[in-house]
Amino acid sequence: MKLASLPSERRDGRLVVVSDDLRFCTDAGLIAPNLQAALEDWARAGPALERLAGTLRSESVPVERFHEREALSPLPRAYQWADGSAYVNHVELVRKARGAEMPESFWTDPLLYQGGSDGFLAPRAPIPLTDPAFGCDFEAEIAVITDDVPMGISPEAALGHIKLVMLANDVSLRNLIPGELAKNFGFFQSKPAGSFSPVAVTPAALGPAWAGGKVSGPLMSWLNGNLFGKPDAGQEMTFDFGRLIAHAARTRALAAGTIIGSGTVSNRSEDGGPGFPVDEGGKGFSCIAELRMVETLRFGAPRSEFLMPGDEVRIEMTDSAGRSIFGAIEQKIVAA
């Protein structure tokens, strides 16, 4: 089953069920007015939405054309957005970029930061940039949405609370991060509003691509029309989503509608070292910061610039037949 939120007179949009090929949708307002309401009553709403998805497949329900460009992020706002760094290879590289050592505990204890969740950008909305000197970067990620998660849950049990999966663009202002982290109080200004894919998908609908709390397959990102990265999201994910959720719920319960991010998807090269750009036969990268660190290691200094007004980013994942699973995040950087 695939779900999306379309604009309405309310901030949280209106809930629709989307066809598997992303061409059509049908209104789900009789089941739940929006996705947050559905998640809070998932024991009832989930099966009802599945039945509606079945009638959509059989063409026995009124439909409308689904346009990705009109969709909001599946949750236009959320009670909680906690982003992890499950791909420790990425953590190691970006910490090197700012001259910080990586403790060994990072390989055994997940990292999470709590981001702003009061408003997300739509997947086709522009990314406003106040000052290019901030070092704007995209981060291509996988994210999951949970129902109510009890405190102290085990990683194995946590997997049962994942109701939906989507893609994320966790926008970062790289040049603001070192100063903020030096205060030992976390991210704030360096993490502006991000966005999520037009469609959120149930784990069951992903089929064999969902296993062990991970999504397998290339997560593709393009910069100005050129393929920038295609790392496999199922490889080298040190902490699966069960571990991330259990870590977040160690000392607090998580409300229905909590979004947990994987962090930037990152693969090493075949020899175990840092990856290589796509145009050099590698899998590329899911953010510019990682490319800049690899350039520094190879050439002594970064060669690639961060995002500037006019640049365009696209993030998408396709199935084995080349069909888009979640729809595409496609955003242009604009001067604020």
*Within the set of pairs 6+ apart or on separate chains, which have a first residue in segment 273-285 that is more than 16 Å from R303 (Cα to Cα) and free of Cβ contacts under 8 Å to residues at least 24 places away in the same chain, a second that is aromatic (F, W, Y) and crowded, with 17+ Cβ neighbours inside 10 Å, and C-beta atoms under 6 Å apart?*
G282/F276
*Filter result for T264 (farther than 29 Å from F24 by Cα, out of contact with any His (no Cβ under 7 Å at 6 or more places or on another chain) and among the β-branched types (V, I, T))*: no
*If you go through segment 141-169 one residue at a time, how many are touching a Gly at 6+ places or on another chain (Cβ under 7 Å) and open to solvent by less than 10 Å² (accessible area, probe 1.4 Å)?*
6
*asked:* With the structure loaded, tell me whether E290 is in a strand (DSSP E or B) and among the acidic types (D, E) or whether it fails that test.
replied: no
*Filter segment 288-336 down to residues that are aromatic (F, W, Y) and over 15 Å from the mean Cα position of the chain (by Cα) and give me whichever is farthest from G217 (Cα to Cα).*
F299
*Take L219 and decide whether it is closer than 22 Å to K2 by Cα and not β-branched (V, I, T).*
yes
*Taking only segment 203-254 into account, find how many residues are open to solvent by less than 60 Å² (accessible area, probe 1.4 Å), farther than 18 Å from M166 by Cβ and of a type in the set (S, T, N, Q).*
1
*asked:* Checking L173 against (1) surrounded by fewer than 20 Cβ atoms within 10 Å (Cβ to Cβ); (2) over 27 Å from K2 (Cβ atoms), only one condition comes out false. Which one?
replied: (1)
*In this structure, does I288 turn out to be in contact with a Ser or Thr (Cβ under 7 Å, 6 or more places away or on another chain) and either open to solvent by 10 Å² or more (accessible area, probe 1.4 Å) or over 23 Å from I315 (Cα atoms) (or both)?*
no
*Please specify each residue of segment 130-140 satisfying the condition of being of a type in the set (A, V, I, L, M) and open to solvent by 10 Å² or more (accessible area, probe 1.4 Å).*
A133
*List every residue pair whose Cβ atoms sit under 7 Å apart, with the two residues 6 or more apart in sequence or on different chains, where the first one lies in segment 141-166 and is free of Cβ contacts under 8 Å to residues at least 40 places away in the same chain and the second, anywhere, is open to solvent by less than 50 Å² (accessible area, probe 1.4 Å) and part of a helix (DSSP H, G or I).*
none
*May I ask you to list the residues in segment 303-319 that are open to solvent by 40 Å² or more (accessible area, probe 1.4 Å) and free of Cβ contacts under 8 Å to residues at least 40 places away in the same chain?*
R303, E305, G310
_Only one of F196, F187 that is crowded, with 21+ Cβ neighbours inside 10 Å, in contact (Cβ under 8 Å) with a residue 40 or more places away in the chain and not polar (S, T, N, Q)_ = F196
*Looking at segment 268-285, which of its residues are at pLDDT 95 or above and either open to solvent by less than 10 Å² (accessible area, probe 1.4 Å) or among the β-branched types (V, I, T) (or both)?*
V278, G284, F285
*Pairs, first without any contact (Cβ under 8 Å) to a residue 40 or more places away in the chain and closer than 16 Å to W42 by Cα in segment 1-20, second assigned to a loop (DSSP other than H, G, I, E, B) and aliphatic (A, V, I, L, M), C-beta under 8 Å, six or more apart*: L15/A28; L15/I31; L15/A32; V17/M1; V17/A28
*Which of the residues that make up segment 130-139 are in a loop (DSSP other than H, G, I, E, B) and out of contact with any Ser or Thr (no Cβ under 6 Å at 6 or more places or on another chain)?*
T130, D131, G135, F138
*Taking segment 1-59 as the region of interest, how many residues are part of a strand (DSSP E or B) and open to solvent by 30 Å² or more (accessible area, probe 1.4 Å)?*
3
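The values are calculated or read from the model by the stated rules, or taken from the named source; none is laboratory data. All values derive from a computational prediction rather than experimental measurement. Here the Cβ is made from the backbone with ideal geometry for all residues, glycine too, and neighbour counts use every protein chain on show. Please note that ligands, DNA and RNA were not included when accessible areas were found on the heavy atoms of the full protein model with its side chains. Shrake-Rupley method; radii C 1.70, N 1.55, O 1.52, S 1.80 Å.
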